[in-house]
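Notes follow once the structure below has been shown.
The values are calculated or read from the model by the stated rules, or taken from the named source; none is laboratory data. Values in this document were obtained by computation on a predicted structure and should not be read as measured data. Counting neighbours? That spans all protein chains shown, and the Cβs are built from the backbone with ideal geometry, glycine included. Surface accessibility is based on the protein's heavy atoms, side chains included, excluding ligands, DNA and RNA. Shrake-Rupley method; radii C 1.70, N 1.55, O 1.52, S 1.80 Å.
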Amino acid sequence: FLGAGKPPMYGDYEAQRHWQEVTYNLPIRQWYFNTSDNNLLYWGLDYPPLTAYHSFLCAYIAKLINPDWIALHTSRGYESQPHKLFMRTTVFVADLLVYIPAVILYCFSLKETSTKKKASICALCILLYPGLILIDHGHFQYPLSLGFALWGVLCLSYDWDLLGSVAFCLALNYKQMELYHSLPFFCYLLGKCFKKGLKGKGLVLLTKIAGTVVVSFAVCWLPFCTDMAQIMQVLRRLFPIDRGLFEACMFSSPPPRLANIWCSLSVLIKIKNIVSPQTQLKLSFAVTFLSLLPTCIKLTVQPSLRGFKFALVSCALSFFLFSFQVHEKSILLVSVPVCLIINEIPFMATWFLLVSTFSMLPLLLKDGLLLPYAVTMLAFLSVCAASFSIFEKTSAEDLQLKPFSLSLKGYVSWFKSFPKIVRSLFLLSVTLMGVLSLASAAVPPPHRLPDLFPLSVSVISCLHFLLFLVYFNVVILWDPKNSRSQKKIS
C-alpha cells in the first residue's frame, strides 16, 4: 500500500489504523482536538462522527486480536501481514454488509431488469467498476458512505422516504463529501412535498422528513453536543477553509494532478497565489452553485425518480469540477450514481466509468496498482460490451438525446451521423487513455517536463468531465418524462 515503511506519515492505510488507535485510547472529547496524545498533524480525524464510531468498533475488535495494533503512541506506523489481513477484512465486511446488498437489491428492483439474469448482469457490471475496487481495496478506504447513499436511493425508489432520509443522513455523517449528493435528495423530496400540496399531505410529509433528519443528526452528534466548542472543532476539522482551493500536499510535486477545473487552470493561472482563501471559497461556491442550479430547479418542479438519479450524477460532477478542497478519489461520488443508470445509457455510462478510473491513474501508479488497474479496466470494458452491446446503442434515442435533437428543428444535420461520430470519439478516447497509461508507467518523462504525463492525464480527464457535464445536463433539462416509471411495480 502507498506509504508503507515510509515515515513519517506511512500512507492512507496508516491513517485508518491511527484513527482506530485514537478513538479507542482517548475519550470522545479529545478525538478532534490537538493534544499531546492526539497530534492532528499526524492523520488527525477529519471525517464526521460516524467514521470515528466505525474506527472505534474496528479498534475494539483489533484489541481482542492483538493489542499492539492500536497501542497508544507505540503502534505508529505498525505494519505486519496479520494486521494487513485484518484491515482488508474490515473493508470486505463493510462491502458485504452495506454496499454489495444495496447494489444487488437496486438492480433487482429495476423495471428494465425484469428477469433475474438481466438483474444479475447489471449488478455484476456495477460491482466490477474498477475505480471503487482499486480505491477501496488498493488505496484503502471504506465504502460505507457510498453504500448508505445507495440504500437511500433504493428506499426512495420504493417511496420509503423516511427510511431513505435516514440512510442518506448516515452517509453524510460518515463522510462530509456526501454533500455532493445532498441537493438532489433535498430537491427530490421537497418536490414530492410540493406535488402533494403544502396545505395537506405534502406538509405532513415535509414535517416527517424534517423531523427524521433532525433526529438522525442528533443521534450521530449526541456525544459532541454537550459543548459548543466540541461542535465547532469538529466542523473546523471537516471543512478546512484555510487550506485554500486545493491542497498541494495531495501531490508529490507541482503542477497538481487533480482532474477538476481549478487544478487544470492552475497550470496557466496560479489562482492560489493571486486570490485569497476566502475569495477562492466564494468563487468556488458561486461557480458550483450556478452549474447545478438548472438541474435542481428542474428536479424540484418536476420530481421523478429518473430525474433524481440523473441529478445525482450532474450535481456530483459539478461539485467535483468546481467545488472547494476536492480529492482525486472524490470522482467516486460521481461514478457510483453513474453506475445506477448504466442500464439506461450503457454506452455513456461505461465511457464515463472508464474515464473516471483513468483520472486517478497518477494516484494508482503511486500505489503500485498498474497491473490491477489494467486488468480491472479491461475486464470491466469487456463485461459491459458483452452484457449491454454498448456499441449498438449509440443513436440519439439510445443516448437519451432524442428530445434535444427534435428541439433543434433540423438546424443540425449531423445528428444523422451521430452514432458514427460518438463511436469514433469513444475509440479515440479509449486509445488516448491506453497510450497515456502505458507512457505514464513505462516511459521516462522529459527532464524539463517531469510532470508531463500526470498533468496530461488530469487535463484530458477534466475535458472529458466537462463534456459529460454538458451531456448530463442536456439529458435532464430536455427530458419530457415526469414519472417514477423506473420503479418496479409488483
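Things worth noting here:
- Meets criteria (touching a Cys at 6+ places or on another chain (Cβ under 6 Å), in a helix (DSSP H, G or I) and buried (at least 20 other Cβ atoms within 10 Å of the Cβ)) for Gln16: no
- Test for Phe380: is it open to solvent by less than 20 Å² (accessible area, probe 1.4 Å), more than 18 Å from Ala311 (Cα to Cα) and either charged (D, E, K, R) or not in a loop (DSSP other than H, G, I, E, B) (or both): yes
- For first residues located in the stretch 64-83 and under 14 Å from Tyr42 (Cα atoms), partners that are among the polar types (S, T, N, Q) and open to solvent by less than 30 Å² (accessible area, probe 1.4 Å) and lie 6+ apart or on another chain with Cβ distances below 6 Å do not occur.
- Residue pairs whose Cβ atoms lie under 7 Å apart, sitting 6 or more positions apart in sequence or on different chains, and linking a residue in the stretch 429-455 that is without any contact (Cβ under 8 Å) to a residue 12 or more places away in the chain to a partner that is open to solvent by less than 50 Å² (accessible area, probe 1.4 Å) and not charged (D, E, K, R), are Pro445/Phe453.
To keep it simple, each residue is scored yes or no on (1) crowded, with 19+ Cβ neighbours inside 10 Å; (2) in a helix (DSSP H, G or I); (3) at pLDDT 90 or above; (4) not β-branched (Val, Ile, Thr).
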position	(1), (2), (3), (4)
Thr113	yes, no, no, no
Cys125	yes, yes, yes, yes
His137	no, yes, no, yes
Tyr142	yes, no, no, yes
Leu154	yes, yes, yes, yes
Leu162	no, yes, yes, yes
Tyr174	yes, no, yes, yes
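- Tallying residues that are over 30 Å from Tyr10 (Cα atoms), under 19 Å from the mean Cα position of the chain (by Cα) and either in contact (Cβ under 8 Å) with a residue 40 or more places away in the chain or open to solvent by 70 Å² or more (accessible area, probe 1.4 Å) (or both) within the stretch 84-106 yields 3.
- Of all residues in the stretch 57-83 being under 30 Å from Leu128 (Cα atoms) and either assigned to a helix (DSSP H, G or I) or touching a His at 6+ places or on another chain (Cβ under 6 Å) (or both), the one that is most open to solvent (accessible area, probe 1.4 Å): Gln81
- Of the set (1) in contact (Cβ under 8 Å) with a residue 40 or more places away in the chain; (2) assigned to a loop (DSSP other than H, G, I, E, B); (3) hydrophobic (A, V, I, L, M, F, W, C), all apply to Cys169 but (2).
- Verdict on Ala52 being over 20 Å from Ala386 (Cβ atoms) and in contact (Cβ under 8 Å) with a residue 40 or more places away in the chain: no
- In the set Phe289, Phe308, Phe324, Phe285, only one residue is buried (at least 19 other Cβ atoms within 10 Å of the Cβ) and either of a type in the set (Asp, Glu) or in a helix (DSSP H, G or I) (or both); that residue is Phe308.
- For Gln30, the criteria (1) touching a residue at least 40 places away in the same chain (Cβ under 8 Å); (2) polar (S, T, N, Q); (3) farther than 24 Å from His139 by Cα hold in every case but one, which is (1).
- Which listed residue, of Ile331, Ile342, is modelled with pLDDT of 90 or more, part of a helix (DSSP H, G or I) and within 20 Å of the chain's Cα centre (by Cα): Ile331
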